[in-house]
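As structure tokens, the structure follows; a few thoughts come after it.
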Amino acid sequence: MREHAVVVAGAGPTGLMLAGELALAGVDVAIVERRPDQKLAGTRAGGLSARTLEVLDQRGIVDRFLAEGQIAQVTGFAVTRLDISDFPTRHNYGLALRQKHIERILAGWVGELAVPIYRNLEVTGFAQDDTGVTIELSDGSQLRAGYLVGCDGGRSLVRKAAGIEFSGWDPTTSNILAEVEMEEEPPLGIHRTALGIYAFGREEYEIHDGKIVFAQEGPIGVMVPEKNAGATTEPTLGDLREALIAAFGTDYGLHRVNWISRFTDMSRQATAYRKGRVLLAGDAAHVHSPVGGQGLNTGVQDAVNLGWKLAQVVKGTSPEALLDTYHAERHPVAARVLRTTMAQVALQRTDDRTEVLRDIVTELLGMEEPRKRIAAEMSGLGIHYDLGDGHPLLGRRMPDLDLVTSDGPVRVFTLLQDARPVFLNLGAPGSIGLPRWSDRIRLVDAGYAGAWELPALGAVSAPAALLIRPDGYVAWVGDGTEDGLQEAVNSWFGPSG
């Protein structure tokens, strides 16, 4: 029986990111994936948020994505675009890039890290015991792992087999997505009608001054609302034709479907992200409407929160209780995402009363304070893990500052590229030391003379020292003393040997 420290079910963006994180930490990780390769049929997520771009920057791979995507102010709430160009981050924008490209680039990175992927296989069941998990595969073979992580989507077999409840709300809306061939060109773009929101586009496009300009040729991508939100069968060309004629009086000569699927606003979340040696991340842990574009981004950030924690537990440097912080930190984030997507779906209704409500929300979001607060949330830059009272930086993302060290200038995110924790001393060199943890934590004496500013919060006081987790969040802030430092190090990175 083949053995690995961790087996990840699913090679989507979440599974790939998690495997990369574990591999960086030196953990033996393997992925089980049902697809024969990384090709992806259909349109899934369409871009990366500012915080996800920061996370990829922390690992030194963001340029691979920026080279293929299109930078634009795509942060928004319902139909209102929210400009984040004044936010204090190197990535004060979103990146328009289709999921198939995101996955291909991530898979390339994971390949460089030599992570094995068992393709054309699915996890069909598993059994936990005190020392690990025996995993059944669709070809009748087995894998043995210390931990199994379900990154296998909204219909997650891992979640179901673990007996983890997926509570939430049934769908109220349904949309057909398809790529089709048409005799006539439909009106490209997004159209609000009394029947709902319709969209036509092409695979290739460019963004100019915030406007999408589609290619002149190629198949047409279509999104149409359905009358019935509870359909259980797969949509057909006939269903699509009927919906188009109902809205536009024509099907534009629809004659071929390359692929067709549907999505709804079903909103559900796993009640537990961990059950023993089995964990969940991404869509396996939370599903919701794609409005707002937070699904893929939330999943990738789940992976970055979990990866270093799981690595430390596998290596024995931290107790298993560290894994409980994964649920404690990420469950509230996704619960909030479910709430914001449900609100946005409600604002997209086409009746007169919702139109008035949307006007008022748009008016509110035109004001500075609401814009900054909601934009920070939608871009992922406002995430705050509850690590107790203290400096505003505690539990928030560490800004990517330009530091000055004895070895020359360095960016904070460059210090995080090997996914190790960093202790940043901004006072006199050597004034605070962590010799007992130096094998585990990178110690950096540096200077920084600029302002400290956080998205939505604004200016904050300059700290004397910081303990930065591998996921880029601040675990301890020093005010010139070492109060609480040893407890923070023990808690997050294990007791000293």
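Observations, loosely collected:
- Centroid-to-centroid separation of region 326-342 and region 265-291 [C-alpha atoms, Å]: 10 Å
- Shape call, region 102-250: gyration tensor on alpha carbons, a/c limit 1.5: prolate
- Within the straight-line cut-off of under 22 Å between alpha carbons, the lysines reachable from Lys39 are Lys100, sequence neighbours fewer than 8 places apart in one chain being disregarded.
- Surface share of carbon and sulfur [accessible, 1.4 angstrom probe, percent] for the chain: 50 percent
- Each residue of region 230-241 was assigned a 3J(HN,Hα) from its phi angle through the Karplus curve 6.51 cos²θ - 1.76 cosθ + 1.60 (θ = phi - 60°); the sequence is x, 4, 10, 8, 6, x, 10, 4, x, 4, 5, 4 Hz, with glycine and proline shown as x.
- The chain, helix-only ellipticity at 222 nm - DSSP H runs n ≥ 4, -39,500 (n - 2.57), divided by all residues, nearest 500: -9000 deg cm²/dmol
- Relative contact order of region 307-429, pairs being alpha-carbon contacts under 8 Å that are 6 or more residues apart, as %: 11 percent
- Couplings 3J(HN,Hα) of region 351-365, computed from phi: 7, 4, 5, 5, 4, 5, 4, 5, 4, 5, 4, 4, 4, 4, 6 Hz, in residue order, whole Hz [Karplus 6.51 cos²θ - 1.76 cosθ + 1.60, θ = phi - 60°; x for Gly and Pro].
- Extent along principal axes [Cα atoms of region 165-301; Å; largest to smallest]: 56, 35, 27
- Pairwise label distance in nanometres, Ile207 with Ser85, each label 7 Å out on the Cα-Cβ vector: 1.2 nm
- Fully extending the segment from Glu363 to Lys227, taken as 0.36 nm per residue of separation minus the present Cα-Cα distance, adds 45.9 nm.
- Taking label points 7 Å from Cα along the Cα-to-Cβ direction, Glu482 and Ala459 give a separation of 3.3 nm.
- Cα centroid separation - region 304-325 against region 157-181, whole Å: 29 Å
- Accessible surface area normalised per residue over the chain is 43 Å², counting heavy atoms of protein chains with a 1.4 Å rolling probe.
- Alpha-carbon centroid distance for the pair region 52-108 / region 355-374, whole angstrom: 24 Å
- Convex hull of alpha carbon positions in region 318-435: directionally averaged projected area 11.4 nm².
- Global geometry of region 1-94, whether rounded, prolate or oblate, following the gyration tensor of its Cα atoms and the 1.5 cut on a/c: prolate
- Tensor-based shape of region 4-54 (alpha-carbon gyration tensor, a/c under 1.5 rounded, otherwise prolate or oblate): oblate
- Dipole orientation for region 400-497: of the candidates Leu401, Tyr473, Gln417, Gln417 has the Cα lying most toward the positive pole (charges on Cβ; Lys, Arg +1; Asp, Glu -1).
- Ellipsoid fit via the Cα gyration tensor, region 34-146: semi-axes of 35, 16, 15 Å, each the root of five times an eigenvalue, largest first.
- For region 415-474, the spread of Cα positions along each principal axis, largest first, Å: 36, 26, 14
- Estimated FRET transfer efficiency when R0 is 51 angstrom, pair Ser167-Asp402 (beta carbons, to 0.05): 0.65
- Derived scalar couplings between HN and Hα for region 294-301 equal 9, x, 4, 5, 5, x, 4, 6 Hz in order, rounded to whole Hz, by the Karplus curve 6.51 cos²θ - 1.76 cosθ + 1.60 (θ = phi - 60°), x for Gly and Pro.
- Between the listed residues Met223, Ala194, Leu177, the Cα displaced farthest toward the positive end of the dipole of region 124-228, a dipole computed from Cβ unit charges relative to the Cα centre, is found at Ala194.
- Over region 264-337, all Cα pairs binned in 10 Å intervals from 0 give whole-percent P(r) values of 19, 52, 22, 6, 0, listed from short to long.
The values are calculated or read from the model by the stated rules, or taken from the named source; none is laboratory data. Remember, predicted model here, so these are calculated numbers, not experimental data. As a convention, Cβ positions derive from the backbone with ideal geometry for all residues, glycine included, and neighbour counts pool all protein chains shown. Ligands, DNA and RNA are excluded from the accessible area calculation, which covers all protein heavy atoms including side chains. Shrake-Rupley method; radii C 1.70, N 1.55, O 1.52, S 1.80 Å.
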